[in-house]
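Let me begin by presenting the structure, written as structure tokens, before commenting on it.
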Amino acid sequence: MSNFIVGLTGGIGSGKTTVANQFATLGVQLVDADVVAREVVAPGTAALNVISSHFGTGILLADGSLNRALLRKKVFSNPSDKQWLNQLLHPLIREQMLQQLAAATSPYVLLVAPLLLENGLQTLVDQLLVVDVSPETQLQRTTERDKVPASQVEAIMASQCSREQRHAAATQLLDNDLPLQSLPERVAALHQIYSALAAEKLAKSPT
Ligand code: ATP
């Protein structure tokens, strides 16, 4: 079991997935909050049954899976439904994340969570790596990747915590305005630091 958790966060389009994949090439196991959020409402889960009882079966797609776009639309226009949904899902997501973190076997495990700070998950991590880019870069890379209007990306950026808040919470910053070619070397340097800190914590922990 990994006894050391490194949180990885950053704003939309900052490069979290790109950076996480680079850590994965070094054998670091990942727990991805977005993946967990989908797993807890997969077909056959108790949570999906509760959601379809609450909103009606119209909230399901033809294959029985959750119509996430429709659900997003519904809760966007109804704060009490949003609160209801968050109260249902947040504890389940947290529980499932904890289980996956506990099951990880690499010397340390990476918790990749876009809304790590917004959802108060920093208490779970030993170190917090923030992938940092300028707002201009965020906007440019996200609009290019997703082929969406700038206004849509700007609205998401405004709903997330600020660059200053992330800087204040970070134990390390990874400047991802720099070219991709330099990423493997910089991730390798961070990997050394986290491996050493994990080994130190393990040596100190009671057997
Ligand atoms: P989201 O928050 O939307 O899930 P993300 O933080 O996971 O995004 P990525 O998808 O990893 O971000 O990166 C956003 C885009 O920027 C991708 O198209 C990726 O290929 C590109 N990208 C990432 N890092 C760099 C870099 N250093 N230089 C140039 N392009 C990059």
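Okay, residues lined up against (1) under 18 Å from THR18 (Cβ atoms); (2) of a type in the set (S, T, N, Q); (3) open to solvent by 30 Å² or more (accessible area, probe 1.4 Å):
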site	(1), (2), (3)
VAL109	no, no, no
ARG145	yes, no, yes
PRO149	no, no, yes
ALA155	no, no, yes
Listed by first then second residue, the pairs whose first member lies in region 125-152 and is within 23 Å of PRO179 (Cβ to Cβ), whose partner is aliphatic (A, V, I, L, M) and exposed (fewer than 15 other Cβ atoms within 10 Å of the Cβ), with beta carbons under 6 Å and at least 6 positions apart or on separate chains, are VAL130/LEU173; ASP132/LEU173; LEU139/ALA150; THR143/ALA150
With the checklist (1) away from the ligand (no atom under 14 Å from the Cβ); (2) under 14 Å from the mean Cα position of the chain (by Cα) in hand, flag the one item GLY64 doesn't pass. (2)
Looking at region 68-86, is at least one residue away from the ligand (no atom under 14 Å from the Cβ) and under 30 Å from LEU190 (Cα atoms)? no
Output yes when any residue across region 43-64 is outside the structural domain of VAL112 (by TED's automatic domain parsing), open to solvent by less than 30 Å² (accessible area, probe 1.4 Å) and closer than 21 Å to GLY120 by Cα, and no when none is. no
For region 88-207, please list each of the strands (runs of 3 or more DSSP E) lying entirely inside it that holds at least 2 residues being within 12 Å of the ligand (Cβ to nearest atom) and out of contact with any Phe, Trp or Tyr (no Cβ under 7 Å at 6 or more places or on another chain). 127-132, 172-175
Specify which of the listed residues (ILE59, ILE12) is touching a residue at least 40 places away in the same chain (Cβ under 8 Å) and farther than 30 Å from GLU200 by Cβ. ILE12
Checked LEU92, LEU128, LEU117 against criteria (on the phi < 0 side of the Ramachandran plot and either at pLDDT below 95 or not assigned by TED's automatic domain parsing to the domain that holds LEU173 (or both)); the one match is LEU92
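The values are calculated or read from the model by the stated rules, or taken from the named source; none is laboratory data. Owing to the predicted nature of the structure, the values given are computational and were not obtained by experimental measurement. Here the Cβ is made from the backbone with ideal geometry for all residues, glycine too, and neighbour counts use every protein chain on show. Just the protein is used for accessible areas: all its heavy atoms, side chains included, with ligands, DNA and RNA removed. Shrake-Rupley method; radii C 1.70, N 1.55, O 1.52, S 1.80 Å.
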